[in-house]
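Have a look at the structure below before the remarks.
The values are calculated or read from the model by the stated rules, or taken from the named source; none is laboratory data. Predicted model, so just to flag it, every value in this text is computed and none were measured. Note: ideal-geometry Cβ built from the backbone for every residue, glycine included; neighbour counts use all protein chains shown. These accessible areas exclude ligands, DNA and RNA; they are computed on the full protein's heavy atoms, side chains included. Shrake-Rupley method; radii C 1.70, N 1.55, O 1.52, S 1.80 Å.
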Amino acid sequence: MDLLSYFRMLRRRWWIVVVCVLIGVGLGVASTAFDTNAGKSRTYYKATNTLIYDSSSSSPVPSVVNNIDQIAVLVTSGDVPDQVAKALGTDEIGRQLAEQIITTTNSVTTTLDITAVDANAHRATVLADEFAKQIQASLVARDTAKYDATRDDLQAHLGDLKNQANGFLAQLAAQPRIPDFDTVQRQYDATQNQYYDVYGQLQSLTSAGAPTSKLSTLEKAQSIPIEESEYRARLNLGALGQNHLRADAQGSTATATQALTPPASSSVFEGTTSRGVLGGLLGLLVGIGLAVFADRLDHRIRTRRDAEDAFGLPVLAEIPVFTRAQAKSRELVAFSHPQSRAADAFRAIRTSLLFQRSSALSNAPTGPASAVEGLYEEQQHEPLVIMVTSASPREGKTTTTANLAAIFAAAGEDVLIVNCDFRRPTIHQHFGVEDIPRTVQSTKVPNLKIVTNVLNDPAANPAQIVAAQRQVVAAARQRFQVIILDTAPMLTANDAIEAAAVVDLVLLVARASVTTSDRAERSMEILTRLEAPLGGVVLMASEQPSNDYYYYYQRAQTVPGRGKQKRSYRRSDSNGDSNGATNGAAPNGSSLPHEPAGEPPLL
């Protein structure tokens, strides 16, 4: 398995990795509760809420603050501390709470750290978060008040200008005409210009909307234990009014910051955050291991290589995933979108099957030229009967049958589809025809006809139905160039096994992420035991389609445990579709000979 395959595997099982990471983080954080030594040696806590300041606002009304340092001052002064005391419902006044706060600004990163200290871990977290919340609300309130005042001033100015303009307009409309008419006209025009200018300012202000907070939370507060010396030092700075520090400054504030730095911990994994990160990393490793292990236990076929290993046959084409609308409406993609990748893949299947048929009919092919020549000459004389089957239901065999038949018909061959899945017939739905028993019906695809059921009796014995199907195929060989049988799944019913004796090639269909290697091997055991003429595999719903060209080679290959099976591996080009034979049309509603006894002929 290459590196890309591992990435695809992790993408399929991402939820295992995520769950393990979350469990690891939870266990890492929970482990701090069992650290008794930390509880005995540290009884004070600090918590820091980090805010980031956005100074790129283009509001027409300037903010009341210009930089991050002004905001830091407002954190511990003015109405913010009082609002915090009111919100917390404490008996302490705002000034007392502000002494427990240290603000640290960084003009390079435009961040503001609000650090609270307290003897209680939860209270330290609440103080830091509440001061951050109230400074945001205070700035928004200040900017909103300025915005409202500016808007009211503009509206009042507009009213004044409108009154002036109306006064000038009344003078201009007076009769007889006033002596200084031209002067009043200029004054009116100037007033109008001012009105439009102020109106534009008001519109710009209104469009910008009310101010929003320029501060946003980068990281919420989380308590960590500190030494008593640091706790006392921070309270002293708050009492002296020196609780505004700058992380990018030089001098006394930098010295104060260094004085507040706690001594290095004896272990980098003693904090809650550190242990959470360590637990997450361990969970990530465990999750990746479990994902790989689960993928090894999953036997579903996902790639072309998986399909070829499971079936022991070449994959003739990888059909891309159909859209939900196409799958729901049973759209005939090869007919409605002949230039699509899916249609090109079905053409590759047709070309490969014709090469295999030509090779089987030729006793001594002399080279590629003779094979290509026989591909078209022999097709005109020898009909081709293809059985399309799968290991299990809902793997795309009916979709493959319908589209492959449309591709053969588009090349000029007279094609007949015979529904051999009498338990759950659905092939007629792809062509929009009714399920009329014992009738050769025309379809919307030229040169393509369909038999939806070979018997009128829905309760007929399966042996009678299989016999009727064989007789229909024998009769159709005289009138059609290509006969495609849509059979039941091999491991669900015995119908496909019964029909394998009258076909020229068997086409197996597998669906990516649905078909399992166990079922693929079981179906191959059955077909190999019957010495069925195997044509190849079609991989439906492939999310990793290969290149535009497919190459196959004819050789005798021995499948372990299945004996020697001759298979055709001719090189085929999906873009080099042959024209096929066009030596006549299929009969219009004509009956097929050799009908079962007691049944009327097919119409």
Exactly one condition in (1) touching a helix residue (DSSP H, G or I) at 6+ places or on another chain (Cβ under 7 Å); (2) open to solvent by 30 Å² or more (accessible area, probe 1.4 Å); (3) among the polar types (S, T, N, Q) is false for Q429; which is it? (1)
When you look at E382, is it at pLDDT below 90, of a type outside the set (A, V, I, L, M, F, W, C), open to solvent by 10 Å² or more (accessible area, probe 1.4 Å) and part of a helix (DSSP H, G or I), yes or no? no
I need the helices (runs of 4 or more DSSP H) fully contained in region 6-90, keeping only those with at least 3 residues that are modelled with pLDDT under 85. 14-31, 36-41
Could you list, ordered by first residue, the pairs with Cβ atoms under 8 Å in which the first is in region 469-496 and under 15 Å from T452 (Cβ atoms) and open to solvent by less than 10 Å² (accessible area, probe 1.4 Å) and the second is among the polar types (S, T, N, Q) and in a strand (DSSP E or B), at least 6 apart or interchain? D486/N419; T487/T389; A488/T389
State which residue is surrounded by the fewest Cβ atoms within 10 Å (Cβ to Cβ) when the search covers only region 65-83 and only residues that are within 45 Å of the chain's Cα centre (by Cα) and among the β-branched types (V, I, T). V65
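Residue check: is R324 open to solvent by 60 Å² or more (accessible area, probe 1.4 Å), among the charged types (D, E, K, R) and in contact with an Asp or Glu (Cβ under 9 Å, 6 or more places away or on another chain)? So that I can check it myself, show each step before the final result.
Working: open to solvent by 60 Å² or more (accessible area, probe 1.4 Å): yes; among the charged types (D, E, K, R): yes; in contact with an Asp or Glu (Cβ under 9 Å, 6 or more places away or on another chain): no.
So R324 fails the test.
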Condition met for E434 (at pLDDT 90 or above, open to solvent by 10 Å² or more (accessible area, probe 1.4 Å) and not polar (S, T, N, Q)): yes
Within region 362-377, identify whether any single residue is surrounded by 19 or more Cβ atoms within 10 Å (Cβ to Cβ), modelled with pLDDT of 85 or more and assigned to a helix (DSSP H, G or I), and answer yes or no. no
Sole residue being under 13 Å from V385 (Cα atoms) and assigned to a loop (DSSP other than H, G, I, E, B), chosen from Q478, Q469: Q478
The condition from (1) part of a helix (DSSP H, G or I); (2) among the polar types (S, T, N, Q); (3) open to solvent by 10 Å² or more (accessible area, probe 1.4 Å) that Q339 misses is numbered (1)
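Of the residues A221, A247, which single one is out of contact with any Lys or Arg (no Cβ under 8 Å at 6 or more places or on another chain) and crowded, with 19+ Cβ neighbours inside 10 Å? Quick ask: steps written out before the conclusion?
Details: A247 fails: crowded, with 19+ Cβ neighbours inside 10 Å.
Step by step, each of A221, A247 is checked, and only A221 is out of contact with any Lys or Arg (no Cβ under 8 Å at 6 or more places or on another chain) and crowded, with 19+ Cβ neighbours inside 10 Å.
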Yes or no: region 317-336 includes at least one residue that is over 30 Å from P425 (Cβ atoms) and modelled with pLDDT of 85 or more. no
Which numbered condition E99 fails, given (1) under 17 Å from S213 (Cβ atoms); (2) surrounded by 20 or more Cβ atoms within 10 Å (Cβ to Cβ); (3) at pLDDT below 90: (1)
Assuming L127 fulfils every condition listed in (1) of a type outside the set (S, T, Y); (2) closer than 14 Å to A87 by Cβ; (3) not in a helix (DSSP H, G or I) apart from one, which condition is it? (3)
I need the full set of residues from region 513-541 which are open to solvent by less than 10 Å² (accessible area, probe 1.4 Å), more than 12 Å from S392 (Cβ to Cβ) and part of a loop (DSSP other than H, G, I, E, B), in order please. A532
